[in-house]
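Asks: Below is a structure I'd like to ask you about.
The values are calculated or read from the model by the stated rules, or taken from the named source; none is laboratory data. Remember, it's a predicted structure, so these values are computed and weren't measured experimentally. A quick note on method: Cβ atoms are made from the backbone with ideal geometry, for glycine too, and the neighbour counts reach across all protein chains shown. Side chains included, ligands, DNA and RNA excluded: accessible areas come from the protein's heavy atoms. Shrake-Rupley method; radii C 1.70, N 1.55, O 1.52, S 1.80 Å.
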Amino acid sequence: MKSDSAHSLQDLRERSPLLKPLNDQQLSAVLHGDGPAMVLAGAGSGKTRVLTTRVAYLMTEKNVSPNSILLVTFTNKAAAEMTNRVQQMTGKRPQFSGTFHRLCARILRQDGILIGIPPTFSIYDDDDQLDLVKSILKKLNLSVKEFNPRLMLSMISNAKNELLSPKDYQIFAKGKIQEAANRVYQLYEKELDKNGAVDFDNLLNKTVELFRKHSNILQKYQHMFEYVLVDEYQDVNKAQYLLTKMLAAPQNNLFAVGDFSQSIYAWRGADYRNMLALKTDFPGIQEYRLEQNYRSTQTILNAASAVISHNTSHPILELWTEKTDKRRITLYEAETEKDEAEFVTHHIQQFKKTLPYSEMVVLYRTNAQSRVFEELFLKYGVPYKLVGGVRFYARKEVKDVLSLLRLFVNEHDSVALSRIEKLGKKRLQVYLSWLASTKKFPEKTLDILDAVLEASQYLTLYDERLEEDAERLENIQELRSVASEFSDVPSLLENVALVENNTLPDSSSSNQQQDAVSLMSIHAAKGLEFSAVFLVGMEEGLFPHSRSLMDKHQLEEERRLCYVAITRAKEHLYISYTRRRLLYGAVTGSIVSRFIAEIPDHTLERKGGEHPVGLLSGSQHLTHPQHISRRFSQLSDETLERVLKGEIDVESFLDM
């Protein structure tokens, strides 16, 4: 027998077409009265439906004016989608539906003059900011080699994310790099003011400053926005948190929707702890949990939940579904990264009999991993598209290094010469002098590549402390892996040219086709879903990434990233790792990712091992070796730490 509350919810659904599509958890959140609410929305639980229906409900059932509603999210695309949904349901649009930055730009255009920001202010993009920092370094007589402009800009941005003014930052600046950043920050803000400009961080910080200094302006917007709804709340930074807290007062009609387990942008300033702070700053906040998943099978959800449950710093939702599909997750142990790519390609070709290519995706932790899949897909005519990325051989740093190699082979290559010249005329002259004066070059292609990198000092252009630069350096290391497979440089360059022109044997792929397999990093996949997901490279140091292994908070973020990857799959999930991987030009033994060890054994169907699938050899039968289970049991934290310290040899570990 249904409870009275269940009957009441059902009655509401039957009376209102707006509420009819909602389940009980969703409906309870939408019907929330006045006061603060936090909606913990698990992956695939219909959070966008709840947000937009909540807005529509306020407008149609509670007679709240569209001009009194603020709906904030993180991308223009998401904002447009939500606005369109509300308009379809009500025929009206909320007063403001957009990003934090767009909201703040509008406020500063109207009232920023009170803190010295003219209505006609410019917004500096990344290139503008970088040019400004470079000019400031020159004024301060600071070397751009010693004080990387992008690093300086990153440190300034981090300070702004914490709402530290130049004066505040001066107190905390320690050491040569931070002290230099402090000097740059002081001048950077003065130059922005002089130019009548702001950067993207300033849009947020200056609005906070405006509200703090002019309470009457804050009160104007508080009165304007009676209800404040914020999407993806786990991704807000300190400034965004303060803005929502300020704007929601004094009614405190804040409706925050998010999921701790999907917070994966700490490197951009996002801090899930701001969501935890809601309970302190809004006493009596009502919590709702959306745990029914409409995307994945229960097996996939069980795997995701088992992995994320190892995080201890934030709440975990218990996802469930009414889907009855019992198929298990395929776990494949490949010999090498090529065997892994062949396995994936084989299954994609099999799936094509029942699924469009667009329903399939290959997910990886680093963009450098795309290269082997790109080449194999071209070889077998599998159409693909890189989402949120550029083809491996078209990436700037890869093209730069290839130009250095082309000039090494052919001194008359004017196109390569022109490209290198753009990296700096002095760098080019040093490199040309080396080419002219060096009498004996290495014989191996990889050694030549290393010599070229050293002679050109190309790697000094990047700073591994920066996320973007670290990724570029990984791509160069992947190019070293490619070089190690060719006997001479001309053969390497010829292969690259053939790949780029889609003329490898049997290749008929077009990267522009609509029906294509997606290749993307896991970060780029957030918010998307696919019938078949191939999660590749599940090895320690790769995923979780090597930069996170010794930091608990970074490791938990990697685990959240794994949770996001797993929950992209609707029906089919394939997870793979290699026994040995060609990495940075050398073959190394691999350690199975700890995340695999956290997945319940009964959810897995193991394949590969001692007899890997060989697409090239035509093998279609995969074994289920029992020794794989035994290997997973060895992956305790103690064992892993001993391996990382070098106390256990990797090859010995693999043979345990």
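Asks: Checking ILE69 against (1) in contact with a helix residue (DSSP H, G or I) (Cβ under 7 Å, 6 or more places away or on another chain); (2) of a type outside the set (Phe, Trp, Tyr); (3) free of Cβ contacts under 8 Å to residues at least 24 places away in the same chain, only one condition comes out false. Which one?
Replies: Of (1) in contact with a helix residue (DSSP H, G or I) (Cβ under 7 Å, 6 or more places away or on another chain); (2) of a type outside the set (Phe, Trp, Tyr); (3) free of Cβ contacts under 8 Å to residues at least 24 places away in the same chain, only one is false for ILE69: (3).
Asks: Now, a different point. Considering only residues that are at pLDDT 90 or above and of a type in the set (S, T, N, Q), look in the stretch 163-184 and name the one that is farthest from THR207 (Cα to Cα).
Replies: The selected residue is GLN178.
Asks: Somewhere in the stretch 200-220, is a residue open to solvent by less than 10 Å² (accessible area, probe 1.4 Å) and under 23 Å from THR53 (Cα atoms)?
Replies: Taking the stretch 200-220 and keeping what is open to solvent by less than 10 Å² (accessible area, probe 1.4 Å), we get 202-204, 207-208, 210-211.
With under 23 Å from THR53 (Cα atoms) added as a condition, the list becomes none.
Within the stretch 200-220, not a single residue is open to solvent by less than 10 Å² (accessible area, probe 1.4 Å) and under 23 Å from THR53 (Cα atoms).
Asks: Hey, another quick one. For the stretch 87-124, what are the residues that are assigned to a loop (DSSP other than H, G, I, E, B) and either touching a residue at least 60 places away in the same chain (Cβ under 8 Å) or of a type outside the set (D, E, K, R) (or both)? Steps first, answer last, please.
Replies: Our first condition is that a residue be assigned to a loop (DSSP other than H, G, I, E, B); within the stretch 87-124, this holds for 91-95, 116-121, 124.
Once the filter is applied, which keeps residues that are assigned to a loop (DSSP other than H, G, I, E, B) and either touching a residue at least 60 places away in the same chain (Cβ under 8 Å) or of a type outside the set (D, E, K, R) (or both), the stretch 87-124 yields GLY91, PRO94, GLN95, GLY116, ILE117, PRO118, PRO119, THR120, PHE121, TYR124.
Yes/no per residue for (1) among the acidic types (Asp, Glu); (2) crowded, with 21+ Cβ neighbours inside 10 Å:
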position	(1), (2)
ASP34	yes, no
MET38	no, yes
ALA43	no, yes
ARG54	no, yes
LEU58	no, yes
ASN63	no, no
ILE69	no, yes
ASN76	no, no
GLN88	no, no
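Asks: Just checking, how many residues over the stretch 455-470 are part of a helix (DSSP H, G or I) and either of a type in the set (S, T, N, Q) or within 19 Å of LEU582 (Cβ to Cβ) (or both)?
Replies: Pass one, the stretch 455-470, residues part of a helix (DSSP H, G or I): 455-456, 458-461, 467-470.
Checking the rest, the ones that are also either of a type in the set (S, T, N, Q) or within 19 Å of LEU582 (Cβ to Cβ) (or both) come to 456, 460.
Selection size over the stretch 455-470: 2.
Asks: I'd like to know if the stretch 461-478 contains one or more residues that are among the small types (Gly, Ala, Ser), under 22 Å from ILE420 (Cβ atoms) and either open to solvent by less than 20 Å² (accessible area, probe 1.4 Å) or not assigned by the TED database to the domain that holds LEU583 (or both).
Replies: Of the stretch 461-478, the ones among the small types (Gly, Ala, Ser) are 470.
From what's left, under 22 Å from ILE420 (Cβ atoms): none.
Checked against the condition, which is being among the small types (Gly, Ala, Ser), under 22 Å from ILE420 (Cβ atoms) and either open to solvent by less than 20 Å² (accessible area, probe 1.4 Å) or not assigned by the TED database to the domain that holds LEU583 (or both), the stretch 461-478 yields no hits at all.
Asks: Could you go through the stretch 304-323 and let me know if any residue there is farther than 27 Å from LYS570 by Cβ and charged (D, E, K, R). Explain how you work it out, then say what you get.
Replies: Within the stretch 304-323, the first condition is being farther than 27 Å from LYS570 by Cβ, and the residues that meet it are 312-313.
Next, from what is left, pick out any that are charged (D, E, K, R): none.
So far as the stretch 304-323 goes, no, none of its residues is farther than 27 Å from LYS570 by Cβ and charged (D, E, K, R).
Asks: Related question: Looking only at residues that are open to solvent by 10 Å² or more (accessible area, probe 1.4 Å) and assigned to a helix (DSSP H, G or I) in the stretch 536-555, which one is nearest to ASP339 (Cα to Cα)?
Replies: Only one residue tops the list, namely SER546.
Asks: Name the residue, out of ARG427, ARG419, ARG391, that is surrounded by 14 or more Cβ atoms within 10 Å (Cβ to Cβ) and within 30 Å of PRO356 (Cβ to Cβ).
Replies: Values: ARG427 fails: within 30 Å of PRO356 (Cβ to Cβ); ARG419 fails: within 30 Å of PRO356 (Cβ to Cβ).
So the residue among ARG427, ARG419, ARG391 that is surrounded by 14 or more Cβ atoms within 10 Å (Cβ to Cβ) and within 30 Å of PRO356 (Cβ to Cβ) is ARG391.
Asks: Same structure again: Could you please find all residues in the stretch 339-373 being free of Cβ contacts under 8 Å to residues at least 40 places away in the same chain and more than 24 Å from the chain's Cα centre (by Cα)?
Replies: GLN349, GLN350, LYS352, LYS353, THR354
Asks: If you scan the stretch 281-336, which residues turn out to be polar (S, T, N, Q), modelled with pLDDT of 95 or more and in contact with an Asp or Glu (Cβ under 7 Å, 6 or more places away or on another chain)?
Replies: Listed by number, the residues that qualify are THR297, SER305, ASN311, THR330.
Asks: Of all the residues that make up the stretch 577-587, how many are in contact with a Lys or Arg (Cβ under 6 Å, 6 or more places away or on another chain), open to solvent by 20 Å² or more (accessible area, probe 1.4 Å) and either of a type outside the set (A, V, I, L, M) or under 13 Å from GLY541 (Cα atoms) (or both)?
Replies: Just the residues of the stretch 577-587 that are in contact with a Lys or Arg (Cβ under 6 Å, 6 or more places away or on another chain), to begin with: 584-585, 587.
Cutting the leftovers down to open to solvent by 20 Å² or more (accessible area, probe 1.4 Å) gives us 584, 587.
So of that shortlist, the ones also either of a type outside the set (A, V, I, L, M) or under 13 Å from GLY541 (Cα atoms) (or both) come out as 584.
Looking only at that region, the number is 1.
Asks: Please find, among VAL208, VAL184, VAL228, VAL133, the residue that is in contact (Cβ under 8 Å) with a residue 60 or more places away in the chain and among the β-branched types (Val, Ile, Thr).
Replies: Result: VAL228 is the single residue among VAL208, VAL184, VAL228, VAL133 that is in contact (Cβ under 8 Å) with a residue 60 or more places away in the chain and among the β-branched types (Val, Ile, Thr).
Asks: Let me ask something else. Would you confirm whether any residue within the stretch 498-520 is at pLDDT 95 or above and either open to solvent by 10 Å² or more (accessible area, probe 1.4 Å) or touching a Gly at 6+ places or on another chain (Cβ under 7 Å) (or both)?
Replies: yes
Asks: Pull up the stretch 215-242, narrow it to residues that are charged (D, E, K, R) and more than 33 Å from the chain's Cα centre (by Cα), then point me to the one that is nearest to HIS32 (Cα to Cα).
Replies: Looking only at the stretch 215-242, we keep the residues that are charged (D, E, K, R), and these are 220, 226, 231-232, 235, 238.
With more than 33 Å from the chain's Cα centre (by Cα) added as a condition, the list becomes 220, 226.
Numbers: LYS220: 25, GLU226: 15 Å.
Checked the stretch 215-242; the qualifying residue nearest to HIS32 (Cα to Cα) is GLU226.
Asks: Could you say which residue among LEU243, LEU187, LEU247 is in the same structural domain as ASN148 (by the TED database), part of a helix (DSSP H, G or I) and hydrophobic (A, V, I, L, M, F, W, C)? Steps first, please.
Replies: Values: LEU243 fails: in the same structural domain as ASN148 (by the TED database); LEU247 fails: in the same structural domain as ASN148 (by the TED database).
The match here is LEU187.
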